[in-house]
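Asks: My questions all concern the structure below.
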2 protein chains.
Amino acid sequence: MKLYEQFSTEIKDQIEHGYYQPGQKLPSIRDMSTTRGVSISTVQEAYHLLEDTGMVISKPKSGYYVQQQQNTDLLPDISRPEQKPVDVAHWDEVLTLTTTESHHNFVAFGGGAPDITLKTLKPLQRIHAELSRQQPRCLFENAKGNGLEELREQIVRLMQNSGCFLHPDDIVITTGCQEALSLSLKAISKPGDIIAIDSPSFYGSMQAIQSNGLKVIEIPTHPETGISMTALELALEQWPIKAIQLIPTSNNPLGYIMPEKNKRKLLALAERYDFAIIEDDIFGDLVYQTPRPKSIKSFDTEGRVLMCSSFSKTVAPGLRIGWVAAGRYGELLTHLKFITSLGSTALPQLALAKFIQQGYFEKHLRTARTQYQRGRDCMIHWVQQYFPEGTKMTYPQGGVGLWVELPGDIDTLELNKELLKYDTAIAPGTLFSASDKYRNCLRLNYATVPNDRIKAAVKTIGEQASLMLKK
Amino acid sequence: MKLYEQFSTEIKDQIEHGYYQPGQKLPSIRDMSTTRGVSISTVQEAYHLLEDTGMVISKPKSGYYVQQQQNTDLLPDISRPEQKPVDVAHWDEVLTLTTTESHHNFVAFGGGAPDITLKTLKPLQRIHAELSRQQPRCLFENAKGNGLEELREQIVRLMQNSGCFLHPDDIVITTGCQEALSLSLKAISKPGDIIAIDSPSFYGSMQAIQSNGLKVIEIPTHPETGISMTALELALEQWPIKAIQLIPTSNNPLGYIMPEKNKRKLLALAERYDFAIIEDDIFGDLVYQTPRPKSIKSFDTEGRVLMCSSFSKTVAPGLRIGWVAAGRYGELLTHLKFITSLGSTALPQLALAKFIQQGYFEKHLRTARTQYQRGRDCMIHWVQQYFPEGTKMTYPQGGVGLWVELPGDIDTLELNKELLKYDTAIAPGTLFSASDKYRNCLRLNYATVPNDRIKAAVKTIGEQASLMLKK
């Protein structure tokens, strides 16, 4: 981290702790330089950075002022999906989103990918290339059963950070988190069963629900605390819900962290109503605060939580390495993994195990988290600046996506079509609903280092949205 | 190929074409050396090789004689599974087979793996290591949609050898053939449906059938020509069969090639009775004859054949790269692939595409086929030599496995338990049946270059089988 970045973080901390109040003028650049013993240019750059992230504003010929804090009025309301089981649709839009050609000049805000150009991934590439050269067996042999033991050992070690103390044999390696979710659903349900989900919810897992012949009931979800426990309990009284599937920590797309007491309460409900919990923790290690919050799995004594995760967000999606800690469903999961794809390639598993074991993973995580947090701040600032008045948005606690709710009846599927003309794409909100909700919402990926090209693209989205509003 | 190997192939051809008759004495080593203009030692080594493969026998103080030809009395009878839909079981045995620890001294005849130590795979390793070093994006990015176009182009080119003329967009890359089969089943059926299969049949696909909540009806199968068309037609009259799943070319475990007229007839039946055909072609390119036989897919004008294959047998299982050419179900397959595992790693796909494109794949195939054919001949010879009288066996036309039927009521599950004490394992026959048939059968893998250790292990199997027979 450069000196000015470090210095700007210090000021930011002080603002957050109330040392400088919202609306207050910051010391002049010269004063700050003298009192803190740093150069004029360091203070200047630090102030610019704080301005970029929307933390301070500059008033010409006056100086820098602390921005009014993130206004909770800006948060979207709790979602209000229909309270009955429905079928999932929207495959066509998912297909469009996931196959849109993204050429060099394209600004793709739609996907959920992390930044794979980070330098902290270099050691993984090196280890992978070395293994590839030196250990052909690793490339040609299939990692059978539950996956490579070396990697399962590292996963178990990492999972201690979320309060889970498991044995490597409790882990089944999968082809990414999607296979983990898909197999978990298969393990706990049969066609026709009802699955409860948070709403908005990740489209990939909704598609998996649909393809297993299941119905979903979408539970109202608060943008800061997650699913409404009251609404869930009402649904449980009314319907024979087989499982709940959700992303409680660093939610996709809302970015919230479900409070620990709600996590515990959910587990108590699962015990009372005898259902399984599919806990998607794919963004759990990308929470900006440390230590990261505990997972639902960590409170589970009955083995009813199937915790699904992967390295697709924390490292790179191309590795296709995920896992399930399936509790009482462990043996069944091994079976399902076998019949679905036999096993997964050994080489990237071994490379990843070494990457983690040699300490590179945690270093990479730190870098990525810092970048994404800064990305979030910039993105929020730009959206506030360029999007039409009345726009609401989340305040993500982790991950790489901002959820935005546009005013009026702007249809973001239409907006997305317009944006393609400007080589830009978003994820339309309707993808995240089984029942055609969130048509005026969208998700923006902020994983990339903020730059002028991205800023300009965000501005274009805002302009196009404003134009549609006026029609 | 060394000179003596080449020379032994020449003599073998001449035997097969009747130039030397069964029982006839071959020219003496000296005569052969003079007339063919090769060294004494070359002739000696060629004769030894022919003896190893059971093609000739040496009579002390007399010379070398052409062996009596493969006696069709040795072939197992056509299978007679029960002619009604049943559920698939046997998961425990499959799990044991696929997770048995195989340490250094272990002789594992049970698996279906090819020889991954062949030198002709070196270029793939080199290409993979180079890409790994030079193109990190390839390692970190996910190949979306149907998989990497470069590879799909090569697959389409290779499929021309089996008479298929497709477009790269007709191909969906999968995580090995198992995912291809599993997704295909999902595309054409719903729980409770009946799937017809050849019998004996590959246990992996039977497990996939079971996990999709389907029932199977096993069709009587001839060890030289495949499923009985008459029996299939009877079954079609009686049951609402949704699809047939089979390995028509270089069958696993029987090694036969279904005659072209039967392939065409099967397709005609599919049209008449409106069912889909899941054609598992995983061993199709490992048929010993060239050009390889045409696939059922090549005659398909209605898009009802889902051809599943992979590079797991022709190259290496660890790559986990398979594909489906799904005809009319293509779009559905893309959807199912997405929700099952999102996509597959790009790096090995690109490496494989280059390996094929640069001509290394076909060179490797030639080497592998020659080795496996020789492996087959040795294995048959050893089984004839060491197994109890009354043992029957197939005469595989491709692939890496010999199917053996033991006399009496020897239970090969029991035999396998005994063999573990001798660090040896087989694939018990019952794995290949949904209805507990083939308890006295086993499959032997002959992919490895024949050597004394393997010979000794085959002898041990024969001895243990004889001991069990006497009990």
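The numbers here are math on the coordinates, done by the rules we state, and not lab data. Everything quoted here is computed from the prediction, not taken from an experiment. Cβ atoms come from the backbone with ideal geometry, glycine included; neighbour counts cover every protein chain shown.
Asks: Could you work out how far the C-alpha centroid of segment B:439-468 sits from that of segment A:413-439, in angstrom?
Replies: One Cα centre to the other: 62 Å.
Asks: Per residue of segment A:125-131, in order, report the coupling 6.51 cos²θ - 1.76 cosθ + 1.60 (Karplus, θ = phi - 60°) as ³J(HN,Hα) in whole Hz, putting x for Gly and Pro.
Replies: Per residue, the Karplus-derived 3J(HN,Hα) values read 4, 4, 4, 4, 5, 4, 4 Hz.
Asks: While we're looking at this one, here's another question. Take every residue in peptide B:331-340, count the Cβ atoms of other chains within 10 Å of its Cβ, and give the average of those counts.
Replies: Details: counts 2, 2, 0, 3, 7, 4, 1, 10, 17, 12.
Per-residue shielding by partner chains comes out at 6.
Asks: Could you give the dipole magnitude of chain A about its Cα centre, charging the beta-carbon of Lys and Arg +1 and that of Asp and Glu -1, in debye to the nearest 20? Don't jump to the answer; show the numbers that get you there.
Replies: On the way: 51 positive and 52 negative charges, 194 e Å.
In total the dipole reaches around 940 debye.
Asks: Here's another thing I want to ask about it. What is the magnitude of the charge dipole of segment B:139-358 about its Cα centre, with +1 placed on the Cβ of each Lys and Arg, -1 on the Cβ of each Asp and Glu, and no other charges, expressed in debye to the nearest 20? Let's see the in-between values first.
Replies: Details: 21 positive and 23 negative charges, 21 e Å.
Roughly 100 debye for segment B:139-358.
Asks: Cβ under 13 Å from residue A:3's Cβ, residue A:3 left aside: what net charge do those residues give with Lys, Arg +1 and Asp, Glu -1? Numbers along the way, then the final one.
Replies: Values: positive: A:2, A:36; negative: A:5, A:10, A:45.
Net charge around residue A:3: -1.
Asks: What residues qualify as long-range amide H neighbours of residue B:214, i.e. H under 5 Å apart, gap of 5 or more or another chain, H built at 1.01 Å from N?
Replies: B:192
Asks: Return the calculated 222 nm mean residue ellipticity for chain A, to the nearest 500 deg cm²/dmol, obtained by summing -39500 (n - 2.57) across DSSP H runs with n ≥ 4 and dividing by the residue count.
Replies: Values: 16 runs with 198 residues, N = 471.
Mean residue ellipticity, 222 nm, calculated: -13000 deg cm²/dmol.
Asks: Turning to a different aspect of this structure: In whole Å, how far is the Cα centre of segment A:208-264 from that of segment A:343-369?
Replies: Here the answer is 30 Å between Cα centres.
Asks: Taking the Cβ of residue B:421 as the center, what net charge do the other residues with Cβ under 13 Å away carry, scoring Lys and Arg +1 and Asp and Glu -1? Write down the numbers at each step before the final one.
Replies: Details: positive: B:417; negative: B:414, B:418, B:423, B:463.
Local net charge: -3.
Asks: Determine the principal axes of the Cα atoms in chain A, then give the extent along each, sorted from largest to smallest and rounded to whole angstroms.
Replies: 69, 55, 44
Asks: Each residue of segment B:228-245 in order: what ³J(HN,Hα) in whole Hz does its phi give by Karplus 6.51 cos²θ - 1.76 cosθ + 1.60, θ = phi - 60°, with x for Gly and Pro?
Replies: Per-residue couplings from phi come out as 6, 5, 5, 4, 4, 5, 4, 5, 5, 5, 8, 10, x, 6, 8, 6, 10, 10 Hz.
Asks: Quick one: dipole size for the protein assembly as shown, taken about the Cα centre, charges +1 on Lys/Arg Cβ and -1 on Asp/Glu Cβ, in debye to the nearest 20.
Replies: Details: 102 positive and 104 negative charges, 383 e Å.
Roughly 1840 debye for the protein assembly as shown.
Asks: Within 10 Å of each Cβ of B:137-147, how many other protein chain Cβ atoms are there on average?
Replies: Working: counts 4, 1, 12, 16, 6, 11, 2, 6, 3, 1, 0.
So the per-residue partner count for this stretch is 6.
Asks: Work out which chymotrypsin sites (Phe, Trp or Tyr not before Pro) in chain B are exposed loop sites (DSSP not H, G, I, E or B, at most 13 other Cβ within 10 Å) and give the longest gap free of them.
Replies: Numbers: sites that count: B:19, B:165.
In short, B:166-471.
Asks: Calculate the length of the line joining the C-alpha centroid of segment B:162-205 to that of segment B:102-139, in whole Å.
Replies: Rounded to whole Å, the Cα centres lie 25 Å apart.
Asks: Taking θ = phi - 60°, what integer Hz values does the Karplus form 6.51 cos²θ - 1.76 cosθ + 1.60 yield along segment A:268-279, in sequence order, with x for Gly and Pro?
Replies: Couplings: 5, 4, 4, 6, 5, 9, 6, 10, 9, 10, 9, 9 Hz.
Asks: Would you pull out the residues with amide H under 5 Å of residue B:344's amide H, same chain only if 5 or more places away, H placed 1.01 Å from N?
Replies: Amide H neighbours of residue B:344: B:143.
Asks: Among DSSP beta bridges lying fully in chain A, give the percent that are antiparallel, nearest 5. The partial results should precede the final answer.
Replies: Details: 29 of 49 bridges.
DSSP beta bridges in chain A are roughly 60 percent antiparallel.
Asks: From Cα pairs below 8 angstrom and at least 6 apart in sequence, can you work out the relative contact order of chain B, rounded to a whole percent?
Replies: 21 percent
Asks: Further question: Excluding residue B:197 itself, calculate the net charge of residues whose Cβ lies under 11 Å from the Cβ of residue B:197, where each Lys or Arg counts +1 and each Asp or Glu counts -1.
Replies: -2
Asks: To continue, here is another question. GluC sites (Glu not before Pro) within segment A:321-401: which are DSSP loop residues with at most 14 other Cβ atoms inside 10 Å? Don't skip to the answer; put the middle values down first.
Replies: Working: sites: A:331, A:362, A:389; in loops: A:389.
For GluC sites (Glu not before Pro) across segment A:321-401 that sit outside H, G, I, E and B with at most 14 neighbouring Cβ atoms in 10 Å, the list reads A:389.
Asks: In nanometres, what is the gap between the two model label sites at residue B:301 and residue B:237, each 7 Å from Cα along Cα-to-Cβ?
Replies: Between residue B:301 and residue B:237, the label points sit 2.8 nm apart.
Asks: Same structure, new question: Name the residues whose placed amide hydrogens come within less than 5 Å of the amide hydrogen of residue B:424, ignoring near sequence neighbours (fewer than 5 apart) on the same chain.
Replies: Hits under the 5 Å cutoff: B:107.
Asks: Here's a follow-up. Take segment A:3-66, drop everything but the C-alpha atoms, weight them equally and run the Debye formula without solvent; then report log10 I(q)/I(0) at 0.14 Å⁻¹ to two decimals.
Replies: Listed by q, the Debye log ratios stand at -0.33.
Asks: Take residue A:117, project a point 7 Å from its Cα along the Cβ direction, then tell me which residues of segment A:434-471 have their backbone nitrogen under 20 Å from it.
Replies: The answer is A:444-460, whose backbone nitrogens lie closer than 20 Å to the label point.
Asks: Moving to a separate point now. For the charge dipole of chain B, defined by +1 on Lys and Arg C-beta atoms and -1 on Asp and Glu C-beta atoms about the Cα centroid, which residue among B:420, B:329, B:208 has the Cα displaced farthest towards the positive pole?
Replies: Going by the charge dipole, the pick is B:420.
Asks: Continuing with the same structure: Which whole-number percent gives the relative contact order of segment A:3-66, counting Cα pairs below 8 Å spaced six or more residues apart? Mind showing how you got there, number by number?
Replies: Details: 65 pairs, mean separation 26.6, N = 64.
Relative contact order comes out at 42 percent.
Asks: What are the trypsin sites (Lys or Arg not before Pro) within segment A:412-442 that DSSP puts in a loop, where the Cβ has at most 12 other Cβ atoms within 10 Å? List each step's numbers first, then the result.
Replies: Numbers: sites: A:417, A:421, A:437, A:439; in loops: A:421, A:437, A:439.
Those that pass, being in a loop and sparsely packed, are A:421.
Asks: So, one more: R0 = 41 Å: FRET efficiency of residue B:389 with residue B:274, Cβ-based, nearest 0.05?
Replies: 0.30
Asks: So for the protein assembly as shown: antiparallel DSSP bridges make up what percent, rounded to the nearest 5? Provide the component values of the computation, followed by the final result.
Replies: On the way: 58 of 97 bridges.
Antiparallel bridges make up about 60 percent of those DSSP assigns within the protein assembly as shown.
Asks: Straight-line reach from residue A:421: which aspartates and glutamates have a Cα under 18 Å away, not including same-chain ones fewer than 8 places off?
Replies: A:93, A:101, A:411, A:463
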